[in-house]
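*Asks:* Here it is: the structure, laid out below.
The values are calculated or read from the model by the stated rules, or taken from the named source; none is laboratory data. All values derive from a computational prediction rather than experimental measurement. Heads up, the Cβs are rebuilt from the backbone with ideal geometry, glycines too, and the neighbour counts pull from every protein chain shown. Accessible surface is based on the protein model in full, side chains and every heavy atom, while ligands, DNA and RNA are left aside. Shrake-Rupley method; radii C 1.70, N 1.55, O 1.52, S 1.80 Å.
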Amino acid sequence: MALVRQNGRLQESVRAALAECGILARITAGTRVALKPNFTYPYYKPGVTTSPAVIRAAVQVLKEYTEHIAIVEGDGGSYLWKAEEAFDGHGIRELEAEFGVTAVNLIHEPAEYISFRTRGGDYRLPLPARLLHETDLLISMPVPKVHAITRLTLGYKNQWGCLVEPMRLRHHHVFNDAIVAINRVLKPVVLADGTYFLDRNGPMDGQPVRMDLILAATDPGAFDRYVSELMGISWRAIPHLRRAAALGDLPRDLAEIEFRVSPAEARAPTFRLQRTLKNWVAVAGFNSRVLTWLLYDSWLGRVVIHGLMYAVTGPPLQDRTPASPGPARAPVPR
């Protein structure tokens, strides 16, 4: 596990984090690399989406090792936007032209189903064949955030966007089992954009907190265990992390993780989730297949319930014009 402060030298910070974890040593000229950013919005939003600057720095470093680089992402959940919009809004088209990387909308990729066990029995989900068979190294690029439903979204949850299906919420009732199964199959390493973390609410709203960090890990279990500690949120409060720990994929003890900088040395003031009325409605349906259908697939949910809710809280995307991050807490003392 590596934590590197940016100090105005982003490319060097990315290189140092990848090297410290041994990730660069795994890449040769023939390695097919896929970068999976977090595009939870169709344009860059500090603390919400992976920044164009960090993605560019990662591409610059990786290009020294391999020519085979793809940037992959799926459409926004519930058809809110196309991945192509997010590519445009995060400067990915410029990276295609400048570095010859390939931008891939995973929704359009051929799918292959994986199977895993849940309390209700066997369950199947579609993943892109590209990531299963045509990728040698998947690099997950999350932004550390509190999350209105899962409390935290870190390394594990970023792969939820790999599903070949925009209506991913239909599978929320098996999320805790599913996200661990997805990561077990894809085996990503992690390179996180810690320029900002997100506090108070997420994944699309909240307060960005300036941290100026680059974090990397050889697996999402180590990453999530370390970063949850850094944010002051117990991993035991996160159901999918408890599931990962039960399967031996997430270290219960920090002593099982190798790191140079301890979470205590880099810790910010404790992050806290503050749920809204809309969040509580979503939480109610998250673990229930029946309530998910009622809220999102039935006429009553789609037209009446959501109509009333949006009249009070506003639609999910009220403005597609990029905005400044606004005021943030003071940076963590260095």
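*Asks:* Provide Rg over Rh for the range 13-102; use the alpha carbon set for both Rg and the Kirkwood Rh (inverse mean inverse pair distance). If you can, show how the numbers build up before the last one.
*Replies:* On the way: Rg = 13.5 Å, Rh = 13.7 Å.
Reported Rg/Rh (Cα atoms, Kirkwood Rh): 0.98.
*Asks:* What ³J(HN,Hα) values, in whole Hz, does the Karplus curve 6.51 cos²θ - 1.76 cosθ + 1.60 give for the range 162-169 when θ = phi - 60°, with x put for Gly and Pro?
*Replies:* Per-residue couplings from phi come out as 7, 4, 7, 5, x, 7, 5, 4 Hz.
*Asks:* Work out from phi, with θ = phi - 60° and the Karplus expression 6.51 cos²θ - 1.76 cosθ + 1.60, the ³J(HN,Hα) of each residue of the range 252-261, listed in order in whole Hz, and give x for Gly and Pro.
*Replies:* For the range 252-261, the Karplus-derived couplings read 6, 10, 4, 5, 7, 10, 8, 7, 8, 10 Hz, x marking Gly and Pro.
*Asks:* When the gyration tensor of the range 145-184 is built from Cα positions, what are the square roots of 5 times its three eigenvalues, in whole Å, from largest to smallest?
*Replies:* On the way: eigenvalues 45, 29, 20 Å².
Those come to 15, 12, 10 Å.
*Asks:* Given H placed on each backbone N at 1.01 Å, which residues far from MET211 in sequence or on other chains put an amide H within less than 5 Å of it?
*Replies:* Here the answer is TYR196, PHE197, since their amide H atoms fall under 5 Å of that of MET211.
*Asks:* List the residues, sorted by chain then number, that are 5 or more residues from THR118 or on another chain and whose placed amide H is less than 5 Å from its amide H.
*Replies:* Long-range HN contacts for THR118: TYR123.
*Asks:* Can you tell me which of GLY221, GLY161, GLY22 moves the most in a GNM of the chain? Springs connect C-alpha atoms under 10 Å apart.
*Replies:* GLY22
*Asks:* Still on this structure, please answer the following. Say R0 is 30 Å: what FRET efficiency, to the nearest 0.05, do SER234 and ASN7 get from their beta-carbon distance? Display every interim value, and only then the final one.
*Replies:* Working: r = 30 Å, r/R0 = 1.01.
My answer for the efficiency is 0.50.
*Asks:* Taking each pair of distinct Cα atoms in the range 116-159 once, what is the resulting Kirkwood hydrodynamic radius in Å? Each step should come with its number before you reach the end.
*Replies:* Details: mean 1/r = 0.0768 Å⁻¹.
Hydrodynamic radius (Kirkwood, Cα only) of the range 116-159 equals 13.0 Å.
*Asks:* Beyond 16 Å, how much of the Cα-Cα pair distribution for the range 153-209 remains, as a whole percent? Numbers along the way, then the final one.
*Replies:* Working: 821 of 1596 pairs.
Within the range 153-209, distances greater than 16 Å cover 51 percent of Cα pairs.
*Asks:* Let me ask something additional. Which whole-angstrom value gives the distance between the alpha carbon centres of the range 22-88 and the range 133-180?
*Replies:* Each part reduced to its Cα centre gives a spacing of 15 Å.
*Asks:* Quick one: which residues, 5+ away or cross-chain, put their amide H under 5 Å from the amide H of THR40? H built at 1.01 Å from N.
*Replies:* Those qualifying (amide H under 5 Å, at least 5 residues apart or on another chain) are THR50.
*Asks:* Carbon and sulfur together cover what percent of the accessible area of the range 153-263 at a 1.4 Å probe radius?
*Replies:* Details: 1550 of 3420 Å².
The nonpolar share, carbon plus sulfur, comes to 45 percent.
*Asks:* Whole-Å semi-axes of the range 111-223's equivalent ellipsoid, largest first, each the root of 5 times a Cα gyration tensor eigenvalue? All intermediate terms of the calculation are to be shown ahead of the outcome.
*Replies:* Details: eigenvalues 124, 62, 25 Å².
So the equivalent ellipsoid measures 25, 18, 11 Å along its semi-axes.
*Asks:* Ok, one more. Where is the GNM fluctuation largest for the chain (alpha-carbon springs, 10 angstrom cutoff): THR49, THR28, THR195?
*Replies:* Ranking THR49, THR28, THR195 by mean-square fluctuation puts THR28 first.
*Asks:* How many Å² of accessible area per residue for the range 126-266, probe 1.4 Å? Mind showing how you got there, number by number?
*Replies:* On the way: 4250 Å² over 141 residues.
Here the per-residue accessible area is 30 Å².
*Asks:* For the range 62-96, which GluC sites (Glu not before Pro) are both in a DSSP coil and crowded by at most 10 other Cβ atoms within 10 Å?
*Replies:* Values: sites: GLU64, GLU67, GLU73, GLU84, GLU85, GLU94, GLU96; in loops: GLU64, GLU67.
Answer in residue order: GLU64.
*Asks:* Shifting gears a bit: Can you work out the Karplus-derived ³J(HN,Hα) for every residue in the range 4-14? Use 6.51 cos²θ - 1.76 cosθ + 1.60 with θ = phi - 60°, whole Hz, and x for glycine or proline.
*Replies:* 10, 7, 5, 6, x, 10, 5, 4, 5, 5, 5
*Asks:* Just tell me which lysines come within less than 18 Å, Cα to Cα, of LYS157; anything on the same chain fewer than 8 places away is out.
*Replies:* Cross-link targets: LYS36, LYS145, LYS187.
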